[in-house]
């Protein structure tokens, strides 16, 4: 029977609205209807659930898509609610972001999904900029299994945290715009054969040549959507360039690579090393940072890597 229901965070619900889907609680080995979807969900209902010890509630499995749309539509109110603990906001934002990115990678030319991702990342940035605790919670919640869509969200969190450390929370940089660029840095992979993306092991020279086109593919997709600035397109294009040259697609070096491309490179490699693949284990944080510092010399801007190491050690 559990397969027919999905557990959801109670904090995902916005009070004084009709949810549009039925809410259940688990009682005595059974699922009991708590509130019908066409009735308002009030503060009294929320308080009753909390006082009864129901921190999580359930929805029918068939309502999952509708629930995801509901949370996405209300994510701004959830992030702004001072009564919701930071760790729960972080979990809701992370799940909503990865879900939307999965949809976007399935249909990368959808202007609607690109616009939705732009709106959603602005709320993720708001959460990160709300304080150090939110940044720590988001870093802690990053998934450890590699999927392109979850990787995109993880890289956004790491890169924005590094930007905040380097430039300050109240600096001249538009963190919402930066977050959008980091989130879409791998969008071009959506146009590459999944057999190449998910291949367990070394790519052939032909496959590698195709893979190395994904930054340009991503830039082209964003150009066609008219939903991004040149700065964002540059992040997408340059996140695989290496500080001392030899990267792709143009083998730029040093300050020829935009600062945000260099930041994205650090976050991208760190997440790749610390997530599990079918062909290798995930490295612990300390081991991954050691590999980046000692065995990938010339790959990263040394200042940015040093600050990233300090960020994760705090």
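The values are calculated or read from the model by the stated rules, or taken from the named source; none is laboratory data. Small disclaimer: the values here were computed from a predicted structure and weren't measured. We place every Cβ from the backbone using ideal geometry, glycine too, and count neighbours over all the protein chains shown.
Each row is one residue, and each column tells you yes or no for (1) within 25 Å of residue 174 (Cβ to Cβ); (2) touching a residue at least 60 places away in the same chain (Cβ under 8 Å); (3) surrounded by 14 or more Cβ atoms within 10 Å (Cβ to Cβ).
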site	(1), (2), (3)
196	no, no, yes
209	no, no, no
212	no, no, yes
220	yes, no, yes
242	no, no, yes
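Given the condition under 27 Å from residue 176 (Cβ atoms), modelled with pLDDT under 95, within 24 Å of the chain's Cα centre (by Cα) and part of a loop (DSSP other than H, G, I, E, B), answer yes or no: does some residue in segment 279-302 qualify?
Of all residues in segment 279-302, those under 27 Å from residue 176 (Cβ atoms) come to 300-301.
Restricting the remaining residues to those that are modelled with pLDDT under 95 gives none.
No - not one qualifying residue is present in segment 279-302.
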Is there a residue in segment 10-19 that is crowded, with 17+ Cβ neighbours inside 10 Å, more than 24 Å from the chain's Cα centre (by Cα) and outside the structural domain of residue 133 (by TED's automatic domain parsing)? yes
Please work out which one of (1) surrounded by fewer than 15 Cβ atoms within 10 Å (Cβ to Cβ); (2) assigned to a helix (DSSP H, G or I); (3) in contact with a strand residue (DSSP E or B) (Cβ under 9 Å, 6 or more places away or on another chain) is the condition residue 95 fails and give its number. (1)
In this structure, is residue 49 more than 16 Å from the chain's Cα centre (by Cα), part of a helix (DSSP H, G or I) and in contact (Cβ under 8 Å) with a residue 12 or more places away in the chain? yes
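Here is a check on your reading of the model: is residue 113 assigned by TED's automatic domain parsing to the domain that holds residue 280, assigned to a helix (DSSP H, G or I) and touching a strand residue (DSSP E or B) at 6+ places or on another chain (Cβ under 9 Å)? Spell out the reasoning first.
Numbers: assigned by TED's automatic domain parsing to the domain that holds residue 280: yes; assigned to a helix (DSSP H, G or I): yes; touching a strand residue (DSSP E or B) at 6+ places or on another chain (Cβ under 9 Å): no.
So residue 113 does not fit the description; no.
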Residue list for segment 57-68, restricted to those being without any contact (Cβ under 8 Å) to a residue 60 or more places away in the chain and surrounded by 14 or more Cβ atoms within 10 Å (Cβ to Cβ): 57, 58, 59, 60, 63, 64, 66, 68
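Could you go through segment 162-172 and let me know if any residue there is in contact (Cβ under 8 Å) with a residue 60 or more places away in the chain, out of contact with any strand residue (DSSP E or B) (no Cβ under 9 Å at 6 or more places or on another chain), buried (at least 21 other Cβ atoms within 10 Å of the Cβ) and farther than 20 Å from residue 276 by Cβ.
To start, the set of residues in segment 162-172 that are in contact (Cβ under 8 Å) with a residue 60 or more places away in the chain comprises 162-163, 165-166.
Then keep just the ones that are out of contact with any strand residue (DSSP E or B) (no Cβ under 9 Å at 6 or more places or on another chain); that gives 162-163, 165-166.
Pick out the ones that are also buried (at least 21 other Cβ atoms within 10 Å of the Cβ) and you get 162-163.
Of the ones still in play, those that are also farther than 20 Å from residue 276 by Cβ are 162-163.
Yes, segment 162-172 contains at least one residue that is in contact (Cβ under 8 Å) with a residue 60 or more places away in the chain, out of contact with any strand residue (DSSP E or B) (no Cβ under 9 Å at 6 or more places or on another chain), buried (at least 21 other Cβ atoms within 10 Å of the Cβ) and farther than 20 Å from residue 276 by Cβ.
For segment 15-31, what are the residues that are touching a strand residue (DSSP E or B) at 6+ places or on another chain (Cβ under 8 Å) and outside any strand (DSSP E or B)?
Of the residues in segment 15-31, the ones touching a strand residue (DSSP E or B) at 6+ places or on another chain (Cβ under 8 Å) are 15-19, 21-26, 31.
Within segment 15-31, 15, 16, 19, 21, 22 qualify.
Does segment 127-141 contain any residue that is part of a loop (DSSP other than H, G, I, E, B) and either within 12 Å of the chain's Cα centre (by Cα) or modelled with pLDDT under 95 (or both)? Reasoning before the result, please.
Taking segment 127-141 as the starting set, the residues that turn out to be part of a loop (DSSP other than H, G, I, E, B) are 130-131.
Checking which are either within 12 Å of the chain's Cα centre (by Cα) or modelled with pLDDT under 95 (or both) leaves us with 130-131.
Yes: one or more hits.
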Within segment 254-273, residues being under 16 Å from the mean Cα position of the chain (by Cα) and free of Cβ contacts under 8 Å to residues at least 60 places away in the same chain number 2
